[in-house]
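The values are calculated or read from the model by the stated rules, or taken from the named source; none is laboratory data. Keep in mind that this is a model prediction, so the values were computed, not measured. Neighbour counts are summed over all protein chains in view; Cβ atoms, including those assigned to glycine, are modelled from backbone coordinates with ideal geometry.
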Amino acid sequence: MKIIAGSFRSESNSLASAHPQLSDFEYLRGEDIFRKLIVKDLFTEAGFTVIPSIYAASLPSGTVRINFFEYYAGQILDTVRENPDADGIWLYLHGAMEVDGIGSGELELLKRIREIVPDSCLISLTLDLHANIPDALAEYADIICAYKTAPHVDQEETQIRSAKALISALRNGVKPHTAMVRVPMLVKGDTMLTAYEPLRSLEEETRALEAEDGIYGANLFFGQCWVDAPNTSASAVVSASSAERAEALAKDLARKLWATRKDYRFLIEAEEAEECVRRALSGPEKRIFITDSGDNTTAGAEGDRLELLSLFLEEKPSKKVCVAGITGKKIVDEFGGLPDGAPVTLPILGGVPASILSHGEILGWTKEIIGRSLAFSVGNVDVIFTEYRSAFIEKGNFDHANTDLPSYEVVVVKLGYLFDGLKPFADRELFALTGGTSCVELSRLGLKRIVRPMYPLEDFEWDPA
Ligand SMILES: [Zn+2]
């Protein structure tokens, strides 16, 4: 028996203007994809022949341009066309890819695959739990398995679960039914943490369901609020051998998730920008991080907002401050040819006298060097500009920018929650509720196409009936 394997992931932020570029994608094809996907041994040991397609995964960005979608989806479709006798297709997608002029990229890809393969070919999906599930996705996917952790630490475990479910269904000659129930809530992603209640118990329940015979996937999706689309919301999705059971369980999970909607709040200090700056400059801790959540490049934002930088410059702090990873191609182009130490006037905030601190490079999302960075000093405030959008998620980003992370007492990064790679350097973490295209305040996003009513924009009674 034959299984096709591949991955195409780009989490979209339809409010953001920075569309994913080629340099944003980590791209592998053929056998190389198994450097990233861990399911090959599982399939071969179970006696299946595995046909590799492609692996393409990008930094979250604005909507995917149609030519990029066609380029990557086209290669997966080519693999499917070349193997019309495949018994199964295993795909690792995100679930919040929004393609210009198309809508859900995942739904479009599956529709096109179904035009090639017969119904007997089983499609198994691995998805992020921040997916916005389109209504029709369940018609095309036989098995859906989502991460069960946020922040995500079970990406590999989920690949294995969806692969094992596919193997089991193929071996037993079962064609599972997938049921999806949309839950009209969009709670702040950074407050929905699975290590804590109520989600810990709810995810535990999905695990227990998956241990039952005839259940191929039991999932809660939290949704991703930065896509203005009718499929943007939470949902519950169950794949089971019987359609009735899948439907009943999905409704039950949906009810339970809805019942928790008012239980989520920040577990770290989440404050307006001014208050974060005040606390960072007066706090006794050795090193305090502030995340600029409204301009979070790992949520697709542009990373070019100067709100926190300008607040720190006004303060003229005695602490050593670093503002890391501001997108600024013009600045890198204009001053990149000058030597370290050169005095300049930065063309921002009405003109800021500064000196060049260091020339460096951008360690990209895919761990490759994707461009140049330039760091400047303004008194005790150092600021790193990058010629392309970047995400400072670990010390390596600061090293490549030729800046010394441990020497700073306050560090600003364009993230929501701090990534694990930075946590060892943070004695305290402040979550700044800033504006921008990854603003966490749903009411400030101006979404027009989402289903209404939607909690928390409206408070109302709801039941999946
Ligand atoms: Zn996610």
Given the criteria out of contact with any Cys (no Cβ under 8 Å at 6 or more places or on another chain), assigned by TED's automatic domain parsing to the domain that holds Ile76 and loosely packed, with under 13 Cβ neighbours inside 10 Å, does Asp24 qualify?
no
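Every residue, every condition in (1) closer than 19 Å to Gly300 by Cα; (2) β-branched (Val, Ile, Thr), yes or no:
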position	(1), (2)
Val50	no, yes
Ile54	no, yes
Ile66	yes, yes
Gly74	no, no
Ile89	no, yes
His94	yes, no
Glu98	yes, no
Glu106	yes, no
Residue in the stretch 442-457 that is free of Cβ contacts under 8 Å to residues at least 12 places away in the same chain, surrounded by fewer than 20 Cβ atoms within 10 Å (Cβ to Cβ), within 25 Å of Arg279 (Cβ to Cβ) and not assigned by TED's automatic domain parsing to the domain that holds Gly325 present:
yes
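Give the residues of the stretch 105-125 that are within 16 Å of the ligand (Cβ to nearest atom) and either small (Gly, Ala, Ser) or touching a residue at least 40 places away in the same chain (Cβ under 8 Å) (or both), sorted by residue number.
Gly105
Okay, residues lined up against (1) of a type in the set (A, V, I, L, M, F, W, C); (2) within 29 Å of Asn13 (Cβ to Cβ); (3) outside the structural domain of Glu314 (by TED's automatic domain parsing):
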{"position": "Gly189", "(1), (2), (3)": "no, yes, yes"}
{"position": "Tyr196", "(1), (2), (3)": "no, yes, yes"}
{"position": "Leu199", "(1), (2), (3)": "yes, yes, yes"}
{"position": "Asp213", "(1), (2), (3)": "no, no, yes"}
{"position": "Tyr216", "(1), (2), (3)": "no, no, yes"}
The residue from Gly435, Gly371, Gly379, Gly364 that alone is within 17 Å of Glu334 (Cα to Cα), touching a residue at least 60 places away in the same chain (Cβ under 8 Å), of a type in the set (Gly, Ala, Ser) and surrounded by fewer than 23 Cβ atoms within 10 Å (Cβ to Cβ) is Gly371
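Conditions tested, residue by residue: (1) assigned to a strand (DSSP E or B); (2) among the basic types (Lys, Arg); (3) in contact (Cβ under 8 Å) with a residue 12 or more places away in the chain; (4) under 30 Å from Ile167 (Cα atoms).
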site	(1), (2), (3), (4)
Ala179	yes, no, yes, yes
Val187	no, no, yes, no
Thr194	no, no, yes, yes
Leu202	no, no, yes, yes
Glu205	no, no, yes, yes
Leu209	no, no, yes, yes
Glu212	no, no, no, yes
Ala218	yes, no, yes, yes
Ala229	no, no, yes, no
Can you tell me how many residues in the stretch 47-76 are farther than 28 Å from Ile362 by Cα and of a type in the set (Phe, Trp, Tyr)?
1
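Working carefully through the options Gly416, Gly325, Gly360, find the one that is out of contact with any Lys or Arg (no Cβ under 6 Å at 6 or more places or on another chain) and part of a strand (DSSP E or B).
Gly360
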Quick one: Lys148 ticks every box in (1) under 28 Å from Leu418 (Cα atoms); (2) more than 14 Å from the ligand (Cβ to nearest atom); (3) in contact with an Asp or Glu (Cβ under 8 Å, 6 or more places away or on another chain); (4) part of a loop (DSSP other than H, G, I, E, B) bar one, so which box is it?
(2)
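Among the residues of the stretch 209-242 satisfying the criterion of being of a type in the set (Gly, Ala, Ser) and surrounded by fewer than 22 Cβ atoms within 10 Å (Cβ to Cβ), which is nearest to the chain's Cα centre (by Cα)?
Top of the filtered list is Ala229.
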Exactly one of Glu98, Glu45 is free of Cβ contacts under 8 Å to residues at least 12 places away in the same chain and either within 16 Å of the ligand (Cβ to nearest atom) or under 19 Å from Ala163 (Cα atoms) (or both), and that residue is Glu45
